[in-house]
Amino acid sequence: MIQASFETDGSRITAFTVAGHSGLAPSGEDLLCAAVTSAVRLTECAVNDVLGLQAPVKVQEEEASIHLKLPRNLEGEADQVCQTLLAALMVYLVQLQEEYPQHMNVMEV
């Protein structure tokens, strides 16, 4: 099962972790895993490579797991853009969870 958790501070998303495999198909053939991986990588690239923050956002990757944490001092337009990106990722993953409830779990902590 894919586990996605979003850490919040009030209404602000501060971090997310996505881990696991859906088990719908063998590794390399799993469309749900591919969809989740693609969305997560797009979000990470948008935050780190396109937004051009002074210091890159911390990303920790391990096999079948990724964790992204926004800096505490992020503010203004950069914070608004990051919040939009992370909220969009969360909405997308929740939609996938609704389609594949036996293979994916999204939670807010």
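Within segment 90-109, track down each residue that is closer than 16 Å to SER11 by Cβ and either in contact (Cβ under 8 Å) with a residue 24 or more places away in the chain or open to solvent by less than 80 Å² (accessible area, probe 1.4 Å) (or both).
Within segment 90-109, MET90, GLU108, VAL109 meet the criteria.
For segment 45-63, enumerate the residues that are open to solvent by 40 Å² or more (accessible area, probe 1.4 Å), assigned to a loop (DSSP other than H, G, I, E, B) and either touching a strand residue (DSSP E or B) at 6+ places or on another chain (Cβ under 9 Å) or more than 24 Å from MET104 (Cα to Cα) (or both).
LEU51, GLY52, GLN54, ALA55, PRO56
Please work out which residue is farthest from the chain's Cα centre (by Cα), limiting yourself to segment 70-89 and to residues that are open to solvent by 80 Å² or more (accessible area, probe 1.4 Å) and not acidic (Asp, Glu). Before the answer, list the steps.
Of the residues in segment 70-89, the ones open to solvent by 80 Å² or more (accessible area, probe 1.4 Å) are 72-73, 75, 77, 80, 84.
Now restrict to residues that are not acidic (Asp, Glu): 72-73, 80, 84.
Values: ARG72: 18, ASN73: 20, GLN80: 16, THR84: 12 Å.
Only one residue tops the list, namely ASN73.
Can you tell me which condition LEU42 does not meet? The list is (1) at pLDDT 90 or above; (2) open to solvent by 30 Å² or more (accessible area, probe 1.4 Å); (3) outside any helix (DSSP H, G or I); (4) touching a helix residue (DSSP H, G or I) at 6+ places or on another chain (Cβ under 9 Å), and all the others hold.
(3)
How many residues does segment 1-39 hold that are touching a residue at least 12 places away in the same chain (Cβ under 8 Å) and part of a loop (DSSP other than H, G, I, E, B)?
To start, the set of residues in segment 1-39 that are touching a residue at least 12 places away in the same chain (Cβ under 8 Å) comprises 1-8, 12-24, 32-33, 35-36, 39.
Still in the list and also part of a loop (DSSP other than H, G, I, E, B): 1, 20-24.
Final tally of qualifying residues: 6.
The values are calculated or read from the model by the stated rules, or taken from the named source; none is laboratory data. This structure is a prediction, so every number in the text was calculated from the model and none was measured. Neighbour counts run over all protein chains shown; Cβ positions are idealised from the backbone, glycine included. To get the accessible areas, we keep the full protein, side chains included, count just its heavy atoms, and leave off ligands, DNA and RNA. Shrake-Rupley method; radii C 1.70, N 1.55, O 1.52, S 1.80 Å.
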